Amino acid sequence: MKRRREATPEPGCLRAWAAESQALAGRWQAARCSGSGPGGAAAREVRQQRGGFGELLRRMRGLPATLPTLPLELTVLYNSLLFTVGASDSAIEGEAEGIRQGLLRVLEACGVCGQDLSTEELWQKVLQEVTAGELQAPLHRLGALQAAWWLAASRLGSTTGLFRLLSNTEGPQRACCGKGENELLFLLKAWRVPAEGPSLPLVQSTDDLKEILCTAAAFLQGLQELEAGNFPTALSLFQEAAGGFCSKRVLGQIYTCLGCCAQRMGKPQTALQHLKRALQVDFQCLPALSHVAAVYHELGETNAELEALALLYEALEKNPPAAAPSSPYFLIRTELLVDTPVLASLLRHRHPSEVKYLLAQRCLQDGRVADAVEHYLDFLALLQEGLQQQVPLDGSSAVPRIPEVFLEAASALEQAGRHQDAITVCEEVISRTTDLIPRMLRVEERLEQLERPSPGAGLEGGLLSQKESLRCLAWRAAGYLHQGWAWAKLGESKEAITQFSRECLEDAVSRCMCLSVAENLLPEVEVLQKIRLLSLIGRGMQFLELGKYKEALLDFQHGLQISPGDPAAASYLVQALWKLNRKQEAAARWQKFSQRPPGEDGQQEVQGRSFPLYLVSCLKQAMFPHSESLAKSIQDYLATTSWDPSS
């Protein structure tokens with residue numbers, strides 16, 4: 001190896017660099033003891049020491065690399081990179097270039113070129129070429145930093161390969177990974193920094209860094225297995241991570257993931273234990289509370305679910321500050337290495353407006369009408385504060401489209417007997433959607449599959465997609481439908497008939513009745529048809545009350561054309577025939593209908609699983625309430641006549 005003698009640092013210069021490095025590390029240790037977190041002396045010192053170590057490293061790299069100076073240079077690089085991470089509070093991929101430059105300096109001192117090598121190949125080359133014992137410990141420490149960057153980038157394979165190489169430098173007596181054992185965790189636990197003589201102080205020990213790497217590796221692999229659906233393996237890895245070295249904040253996140261994993265394994269009680277443990281460890285781990293509510297919902301324990309949601313809303317309203325890092329303050333921490341999309345999804349913080357909506361929705365679904373009204377009105381008040389700023393626009397929100405929320409609120413108000421308020425809320429939906437609906441709507445045989453729009457999208461003008469136009473038709477039609485039922489409850493039959501008969505309902509269905517894709521009705525068209533059916537039943541019921549039996553009969557007949565075999569329409573049809581004294585025809589219809597096997601009448605679940613929540617109350621109101629009395633009347637009629645309805 002050729003070296004320019006005049007460029008080699010003098011022993012005095014080397015001692016000065018070492019003293020400067022030691023002083024910088026000493027200042028950090030003092031600040032670390034006095035600082036309590038990012039806002040304390042430690043954080044200020046991080047920003048200062050980053051510049052100090054960076055400047056020292058630049059001076060050292062101003063001279064050619066030599067074997068005598070490399071242990072010091074690599075130690076300074078190690079400390080400098082740690083401060084870089086601490087100052088940015090993230091493991092930045094670009095900063096890994098500093099490690100690459102350090103490895104190239106090592107090869108330069110050995111007279112070897114490695115500019116064209118990838119980072120993985122560069123590590124392999126360095127560990128093959130370097131035999132000097134004084135470089136082994138600094139290289140292993142640098143390898144641990146490299147592993148941290150790769151873990152932060154979810155490059156688990158590269159991390160495993162690096163520790164294979166580092167383990168090979170420890171000699172042939174090293175233990176081997178057993179069958180079925182996690183290789184990366186095995187290698188990390190078995191890894192030891194080679195012994196060395198007196199060295200400069202490190203701003204974060206390799207023992208601490210090793211523990212953090214082990215915890216992060218187990219956590220990341222657990223997340224990968226969870227995403228892949230390998231729940232038992234994920235559970236084992238999360239349990240391994242929970243026993244590792246991390247802050248209370250990360251431990252709460254790990255227990256939250258354990259709870260989610262147990263829930264997906266069909267173990268809700270175990271999931272609740274883990275989630276409650278997460279809250280015990282970190283009371284600010286609010287995603288755990290959100291998952292607790294979801295588990296109780298799955299168990300059907302509505303009281304517990306609503307209690308969890310109420311606690312979550314209260315906690316979010318208080319807007320607690322972010323949890324402070326654990327003490328002592330570490331530059332590389334587990335949370336910096338596990339920031340993945342999977343974890344972000346599991347730990348997504350709900351906004352207060354989302355939780356308020358969930359409270360309203362769950363109360364309405366459970367029949368707690370008074371509570372539902374209160375929560376819906378609170379939610380509508382939040383709209384005045386700017387919902388777009390509170391709810392994420394990526395489709396992950398629990399809040400549906402805003403017109404649907406208005407219609408659900410109208411349904412709750414109607415069930416609570418506040419019919420005029422329900423009419424007013426529906427009028428808001430009608431007025432906002434009317435101008436958005438084209439006069440002629442042509443739907444192609446195939447509609448593009450659109451991503452779920454944001455809660456407030458599609459209501460502020462502009463051209464709408466075909467599917468969006470159909471949705472607007474359904475929302476407006478549902479508004480008229482609810483107004484019809486509200487007027488009916490107020491005893492205003494004529495006004496109710498007017499609302500049930502609004503031209504938009506006729507237009508909506510006439511435009512869309514014939515549309516299908518692959519012989520299946522589009523969901524939007526199916527909803528429109530159901531609304532048309534319910535409006536016809538509602539109007540027919542009003543005609544019955546007014547004694548207009550012929551008009552009622554026509555409505556029920558049209559309803560059965562839309563939904564053949566619908567039990568409500570069929571029952572009301574029989575009643576209308578009976579009222580018209582067409583008893584033989586009524587008996588024949590009743591006989592035919594009553595002999596249908598269960599499941600062949602096309603009846604949808606009233607619980608609203610097949611149709612939007614805002615239609616559930618309408619479905620209930622359209623149910624025929626006089627089945628037993630009508631059946632008895634027909635049976636009595638058949639018993640007193642010789643006419644056979646089956647003939």
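The values are calculated or read from the model by the stated rules, or taken from the named source; none is laboratory data. What you see is a predicted model; the values in this text were computed from it and never measured. Counting neighbours? That spans all protein chains shown, and the Cβs are built from the backbone with ideal geometry, glycine included. Just so you know, the surface numbers come from the protein's heavy atoms only, side chains and all, with ligands and any DNA or RNA stripped out. Shrake-Rupley method; radii C 1.70, N 1.55, O 1.52, S 1.80 Å.
Being of a type in the set (Ser, Thr, Tyr) and under 16 Å from Glu585 (Cα atoms) is the filter here; which residues of the range 545-573 pass it?
The answer is Tyr549, Ser571, Tyr572.
Assess whether Ala234 counts as being in contact with a Cys (Cβ under 7 Å, 6 or more places away or on another chain) and in the same structural domain as Val281 (by the TED database).
Against the criterion (in contact with a Cys (Cβ under 7 Å, 6 or more places away or on another chain) and in the same structural domain as Val281 (by the TED database)), Ala234 qualifies.
With respect to Gly143, determine if the residue is at pLDDT below 90 and small (Gly, Ala, Ser).
When the stated conditions are applied, Gly143 does not pass them.
Among the residues of the range 128-136, is there at least one that is of a type in the set (A, V, I, L, M), open to solvent by less than 20 Å² (accessible area, probe 1.4 Å), over 36 Å from the mean Cα position of the chain (by Cα) and modelled with pLDDT under 90?
yes
The conditions are (1) modelled with pLDDT of 60 or more; (2) in contact with a helix residue (DSSP H, G or I) (Cβ under 8 Å, 6 or more places away or on another chain), and Gln604 fails exactly one of them. Which is it?
Every listed condition holds for Gln604 apart from (1).
At pLDDT 85 or above, assigned to a loop (DSSP other than H, G, I, E, B) and open to solvent by 10 Å² or more (accessible area, probe 1.4 Å): is that true of Leu117 in this structure?
yes
Scan Glu354, Glu385, Glu445, Glu404 and give me the residue that is closer than 30 Å to Ala288 by Cβ and modelled with pLDDT under 90.
Going through Glu354, Glu385, Glu445, Glu404 in turn, the sole match is Glu385.
In the range 243-267, how many are open to solvent by 20 Å² or more (accessible area, probe 1.4 Å) and over 18 Å from the mean Cα position of the chain (by Cα)?
Here the count works out to 10.
Return the residues of the range 234-283 that are in contact with a Ser or Thr (Cβ under 8 Å, 6 or more places away or on another chain), small (Gly, Ala, Ser) and modelled with pLDDT under 95; say none if nothing qualifies.
Gly244, Ser247, listed by residue number.
Determine, yes or no, whether Gly243 is closer than 18 Å to His291 by Cα and either touching a Phe, Trp or Tyr at 6+ places or on another chain (Cβ under 6 Å) or free of Cβ contacts under 8 Å to residues at least 60 places away in the same chain (or both).
no
Can you work out which of the residues in the range 546-586 that are assigned to a loop (DSSP other than H, G, I, E, B) and among the charged types (D, E, K, R) is farthest from Leu534 (Cα to Cα)?
Arg582
Do you know which of the residues in the range 201-223 that are open to solvent by less than 30 Å² (accessible area, probe 1.4 Å) and farther than 22 Å from Glu240 by Cβ is modelled with the highest pLDDT?
So the residue we want is Gln204.
For Gly229, indicate whether it is of a type in the set (Gly, Ala, Ser), over 30 Å from Pro71 (Cβ atoms) and either modelled with pLDDT under 95 or out of contact with any Asp or Glu (no Cβ under 9 Å at 6 or more places or on another chain) (or both).
Yes.
Suppose we keep only residues that are over 23 Å from Gln415 (Cβ atoms) and of a type outside the set (A, V, I, L, M, F, W, C) within the range 495-519. Which one would you say is modelled with the highest pLDDT?
This residue is Ser501.
Looking only at the range 120-170, how many residues end up being over 20 Å from Thr206 (Cβ atoms) and not aliphatic (A, V, I, L, M)?
The number of residues fulfilling the criteria is 10.
Mind checking whether some residue in the range 102-109 is at pLDDT 85 or above and either open to solvent by 40 Å² or more (accessible area, probe 1.4 Å) or more than 22 Å from Glu196 (Cα to Cα) (or both)?
Looking through the range 102-109, at least one residue is at pLDDT 85 or above and either open to solvent by 40 Å² or more (accessible area, probe 1.4 Å) or more than 22 Å from Glu196 (Cα to Cα) (or both).
Of the residues that make up the range 352-364, is at least one within 22 Å of Ile402 (Cα to Cα), open to solvent by 60 Å² or more (accessible area, probe 1.4 Å) and touching a Leu at 6+ places or on another chain (Cβ under 9 Å)?
no
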